[in-house]
Amino acid sequence: MTPEEVIVWARLRQMEAWKFRRQAVIGQYIVDFACFEPKLVIEIDGSQHGSPRDRSKDRIRDDWLVSQGFDVLRFWNPEIHTNINGVLEKIISTLEAKT
């Protein structure tokens with residue numbers, strides 16, 4: 001895991017109401033984090049996701065995950081360091097909206 005994924009994983013494990021898996025396989029993809037009930041995927045993106053080619057691949061991947069009933073949240077690495085509370089609020093509000 002990247003340092004940013006370690007930070008997020010530590011916080012996700014503290015959420016007692018939801019069970020997350022890291023490096024979860026969904027179809028042909030491996031996602032950073034998944035909560036299978038209520039079908040939420042969380043991706044932590046570094047600079048390698050910034051190129052047009054990689055953004056296109058991420059869109060295809062996200063579209064497929066959405067077609068399988070998942071919501072997908074993406075956060076950039078710097079956001080984990082500068083706004084972890086905002087990241088967690090977004091994750092929690094998404095989870096609460098789905099339950």
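Quick notes
- Of the criteria (1) within 13 Å of the chain's Cα centre (by Cα); (2) at pLDDT below 95, which one E16 fails: (1)
- Scanning the range 61-99 for residues that are under 15 Å from P3 (Cα atoms) and of a type in the set (D, E) yields a single hit, E79.
- Scanning the range 13-67 for residues that are open to solvent by 30 Å² or more (accessible area, probe 1.4 Å) and in a strand (DSSP E or B), we see that the one that is nearest to A97 (Cα to Cα) is R21.
- Selection status of I7, assigned to a helix (DSSP H, G or I) and surrounded by 11 or more Cβ atoms within 10 Å (Cβ to Cβ): yes
- When P78 is tested against (1) of a type outside the set (D, E); (2) in contact with a helix residue (DSSP H, G or I) (Cβ under 6 Å, 6 or more places away or on another chain); (3) open to solvent by 60 Å² or more (accessible area, probe 1.4 Å), only condition (2) is not met.
- The set of residues in the range 84-99 being touching a residue at least 60 places away in the same chain (Cβ under 8 Å) and either over 16 Å from D45 (Cα atoms) or more than 12 Å from the chain's Cα centre (by Cα) (or both) consists of I84, I92, L95, K98, T99.
- Any hit, the range 75-91, residues being among the basic types (K, R) and modelled with pLDDT under 95: no
- Where a residue in the range 67-83 is within 17 Å of F33 (Cβ to Cβ) and of a type in the set (A, V, I, L, M) and its partner, wherever it lies, is outside any strand (DSSP E or B) and open to solvent by 80 Å² or more (accessible area, probe 1.4 Å), with Cβ under 7 Å and at least six apart: V72/V66; L73/K90
The values are calculated or read from the model by the stated rules, or taken from the named source; none is laboratory data. Note that the structure is a prediction, hence the values are computed from the model and not measured. Cβ: placed from backbone, ideal geometry, glycine included. Neighbour counts: every protein chain shown. Side chains are part of the model used for accessible areas, which takes the heavy atoms of the whole protein and leaves out ligands, DNA and RNA. Shrake-Rupley method; radii C 1.70, N 1.55, O 1.52, S 1.80 Å.
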